[in-house]
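Only one structure is covered here, and it is reproduced in the block below.
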Amino acid sequence: MLEALLGPFVEFGFMRRALVGCVALAVAAPPLGVLLMLRRTSLTAEVLAHGVTPGIAAGFLVAGLSVPAMSLGGLVAGLLVALGAGALSRATGGREDAALTALYLIALALGVTLVSLRGDTGDLTHLLFGQVLGVDDAALLLMAGVATITLPALALAWRPLALETFDPAFARAEGAQGALWHMLFLTLVVLNVLAAFQAMGTLMAVGLMMLPAVAARHWARELSGLAYAAVAIAAASAFAGLLASYHLDLPSGPAIVLTAGLAWAVSVVAGPVDGLAARLLRRPHLAG
Amino acid sequence: MRGPELRIEHLTATHRRHPAVHHLTARFAPGSLTAIVGPNGAGKTTLLRAVAGLHRPDEGRIAVTHPEGRPCRLALLPQQAGMDRTFPILCRDVVLQGLWSRLGPFRGASAEDRARASAALEAVGLGGFGQRPVADMSAGQFQRLLFARLLVQDADLILLDEPFNAVDARTAADLLAVLKRWHGEGRTVVAVLHDLDLVRAEFPDCLLLAREKVAFGPTAEVLSAANRLKARMMAEAWDEDAAICAGPKAA
């Protein structure tokens with residue numbers, strides 16, 4: 001039993017790297033996902049993940065499969081899309097979903113076209129689905145570095161972001177600098193999407209960010225509890241997903257996201273907060 | 001302590017160039033308790049938002065000055081619509097938000113701050129609710145909670161936008177007691193209200209607003225039948241073809 005759980009990580013260096021990278025990702029990204037979900041901007045994460053694609057593809061065109069070049073291109077493209085999404089949101093009074101959908105479809109198509117100019121099907125697969133078992137030193141450094149930046153930055157921004165999400169008018173009246181914190185927040189999302197891209201590709205980069213966050217909604221009633229629950233679910237999904245990928249010979253990125261999806265399904269059914277089971281299982285009411 | 005004086009001069013605030021508040025001049029004395037009444041669309045909310053700095057006036061001046069010349073804190077209780085009442089946050093933490101001007105994004109709340117938050121919850125009749133999530137609150141309880149946050153804010157000028165909307169009689173009475181406590185402490189309080197009987201009974205001063213000032217002064221005089229009829233005559237719809245206003249310019 002223990003052999004099946006730990007053996008692959010003891011035996012193979014690439015499994016250890018994949019685990020360290022994914023756990024770093026699982027610690028940093030889910031709290032961002034929780035805030036995105038509470039701001040009702042889950043779609044923004046998807047848009048940013050696809051928005052970085054043309055930048056990554058441009059980096060690939062210039063320098064091939066090089067982590068620094070692709071990350072730099074992705075960072076520039078992601079920040080541009082974040083700015084554009086913010087401007088769209090203000091221009092449309094918060095009803096930006098249709099415009100954002102248009103934006104990410106264009107970005108994805110542009111990215112795929114750019115890669116096809118020079119690369120082959122293997123490169124395209126790498127871009128879209130990632131290669132978690134091929135995480136090299138540069139990619140591992142990027143993933144760990146992003147987590148190292150994200151956690152303290154988020155700790156500083158946590159209170160203003162929570163306040164602005166809960167009561168934007170109050171935040172404005174108190175001069176809480178909401179726009180500034182929001183830009184920092186979007187930058188963190190872009191960085192995490194880039195880190196996730198290394199392992200899971202642009203199509204599934206937000207899997208470890210959003211799925212655990214949505215699942216956590218069924219386990220906690222308070223913001224910090226949601227963040228802890230999301231991190232725990234993400235870390236467990238990364239571990240279990242990698243194992244499943246090893247033992248069942250599945251592609252690793254989709255295996256991790258599927259595991260997180262399974263965790264979400266279990267949460268919807270069995271979670272204590274608004275779970276289906278809690279709703280069906282009618283316990284006797286209290287006296288007061 | 002004494003509240004500040006709120007002086008409004010030739011204020012015009014618009015939505016897409018149509019005036020919501022039109023050439024309004026009014027002076028709210030330090031420590032006064034004033035009700036703003038008027039028909040829907042009369043510019044009451046816009047006026048409060050302009051005073052709170054959330055709506056940029058097109059013309060005119062708003063000055064909040066303390067008799068002793070020290071800086072004033074201002075608090076606005078908006079209508080509940082803009083708030084996410086399902087947000088996963090505990091009541092105690094909502095009350096502690098009232099300390100934002102002092103704690104900002106980083107500083108932690110001291111034991112004394114927490115005691116103040118508990119006392120504020122107690123004062124609005126929500127003693128023991130500190131650890132409850134906001135999502136469990138009814139509309140009336142949520143309004144009590146917002147009053148507790150206002151208590152902690154400790155503002156000199158307090159602006160309330162329809163504070164007793166959608167609350168039951170007992171909650172309204174409790175919250176009114178908080179409001180009178182502020183008045184007794186000498187703070188300047190301005191509240192937008194629709195219940196004229198309540199205004200007559202509890203508010204010494206009144207501003208009757210119908211985009212322009214209809215009347216301002218002691219409540220009994222302001223709420224005369226003639227003035228109320230005048231306010232009711234206000235056209236609700238904008239005149240789409242309105243010409244550019246040539247009214248009195250700000251001095």
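The values are calculated or read from the model by the stated rules, or taken from the named source; none is laboratory data. Remember, predicted model here, so these are calculated numbers, not experimental data. Glycine also receives a Cβ, built like all others from the backbone with ideal geometry; neighbour counts cover every protein chain displayed. Accessible surface areas use protein heavy atoms only, side chains included; no ligands, DNA or RNA. Shrake-Rupley method; radii C 1.70, N 1.55, O 1.52, S 1.80 Å.
To keep it simple, each residue is scored yes or no on (1) in a strand (DSSP E or B); (2) on the phi < 0 side of the Ramachandran plot; (3) free of Cβ contacts under 8 Å to residues at least 40 places away in the same chain.
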position	(1), (2), (3)
B:Arg2	no, yes, no
B:Arg7	yes, yes, no
B:His10	yes, no, no
B:Ala13	yes, yes, no
B:Glu68	no, yes, no
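Can you find even one residue in region B:107-124 that is touching a residue at least 12 places away in the same chain (Cβ under 8 Å), surrounded by 22 or more Cβ atoms within 10 Å (Cβ to Cβ), in contact with a Phe, Trp or Tyr (Cβ under 9 Å, 6 or more places away or on another chain) and within 11 Å of another protein chain (Cβ to nearest Cβ)? No, every residue in region B:107-124 fails to be touching a residue at least 12 places away in the same chain (Cβ under 8 Å), surrounded by 22 or more Cβ atoms within 10 Å (Cβ to Cβ), in contact with a Phe, Trp or Tyr (Cβ under 9 Å, 6 or more places away or on another chain) and within 11 Å of another protein chain (Cβ to nearest Cβ). When you scan region A:248-261, do you find a residue that is open to solvent by 30 Å² or more (accessible area, probe 1.4 Å), farther than 15 Å from A:Leu208 by Cβ, in contact (Cβ under 8 Å) with a residue 40 or more places away in the chain and in a helix (DSSP H, G or I), even just one? No, that holds for no residue.
May I ask you to verify whether B:Arg56 is within 14 Å of another protein chain (Cβ to nearest Cβ), open to solvent by 30 Å² or more (accessible area, probe 1.4 Å), among the basic types (Lys, Arg) and not in a loop (DSSP other than H, G, I, E, B)?
Working: within 14 Å of another protein chain (Cβ to nearest Cβ): yes; open to solvent by 30 Å² or more (accessible area, probe 1.4 Å): yes; among the basic types (Lys, Arg): yes; not in a loop (DSSP other than H, G, I, E, B): no.
No.
Evaluated against (1) closer than 30 Å to A:Gly225 by Cα; (2) buried (at least 24 other Cβ atoms within 10 Å of the Cβ), A:Asp97 falls short on exactly one condition, (2).
Matching residues to (1) more than 7 Å from chain B (Cβ to nearest Cβ); (2) open to solvent by 10 Å² or more (accessible area, probe 1.4 Å):
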position	(1), (2)
A:Ile149	yes, yes
A:Ala153	yes, yes
A:Pro168	no, yes
A:Arg172	no, yes
A:Gln177	yes, yes
A:Leu184	yes, yes
A:Val189	yes, no
A:Asn192	yes, no
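The set of residues from region B:86-106 being among the hydrophobic types (A, V, I, L, M, F, W, C) and in a helix (DSSP H, G or I) comprises B:Cys91, B:Val94, B:Val95, B:Leu96, B:Leu99, B:Trp100, B:Leu103. Examine region A:121-133 for a residue that is within 16 Å of A:Thr202 (Cβ to Cβ), assigned to a loop (DSSP other than H, G, I, E, B) and modelled with pLDDT under 85, and state whether such a residue exists. Scanning region A:121-133, I find at least one residue that is within 16 Å of A:Thr202 (Cβ to Cβ), assigned to a loop (DSSP other than H, G, I, E, B) and modelled with pLDDT under 85, so the answer is yes.
Condition first: open to solvent by 10 Å² or more (accessible area, probe 1.4 Å) and in contact with a His (Cβ under 6 Å, 6 or more places away or on another chain). Now tell me which residues in region B:1-24 satisfy that. Result: B:His10, B:Thr12, B:His23. Scanning region B:41-52 for any residue that is more than 14 Å from the chain's Cα centre (by Cα), away from chain A (no Cβ under 14 Å) and surrounded by 16 or more Cβ atoms within 10 Å (Cβ to Cβ) turns up at least one such residue. The number of residues in region A:104-115 that are out of contact with any His (no Cβ under 8 Å at 6 or more places or on another chain) and modelled with pLDDT under 85 comes to 1.
Exactly one residue among A:Val214, A:Val273 is within 14 Å of chain B (Cβ to nearest Cβ), part of a loop (DSSP other than H, G, I, E, B) and touching a residue at least 12 places away in the same chain (Cβ under 8 Å), and that residue is A:Val273.
For the structure I just gave you, tell me whether B:Leu151 is farther than 22 Å from B:Ala26 by Cα and touching a Pro at 6+ places or on another chain (Cβ under 9 Å). Explain how you work it out, then say what you get.
On the way: farther than 22 Å from B:Ala26 by Cα: yes; touching a Pro at 6+ places or on another chain (Cβ under 9 Å): no.
So B:Leu151 fails the test.
In region A:217-240, how many are more than 14 Å from chain B (Cβ to nearest Cβ), open to solvent by less than 50 Å² (accessible area, probe 1.4 Å) and either in contact (Cβ under 8 Å) with a residue 24 or more places away in the chain or under 18 Å from A:Ala45 (Cα atoms) (or both)? Of the residues in region A:217-240, 6 are more than 14 Å from chain B (Cβ to nearest Cβ), open to solvent by less than 50 Å² (accessible area, probe 1.4 Å) and either in contact (Cβ under 8 Å) with a residue 24 or more places away in the chain or under 18 Å from A:Ala45 (Cα atoms) (or both). Number of residues in region A:204-214 that are closer than 16 Å to A:Ala77 by Cα and not small (Gly, Ala, Ser) equals 0.
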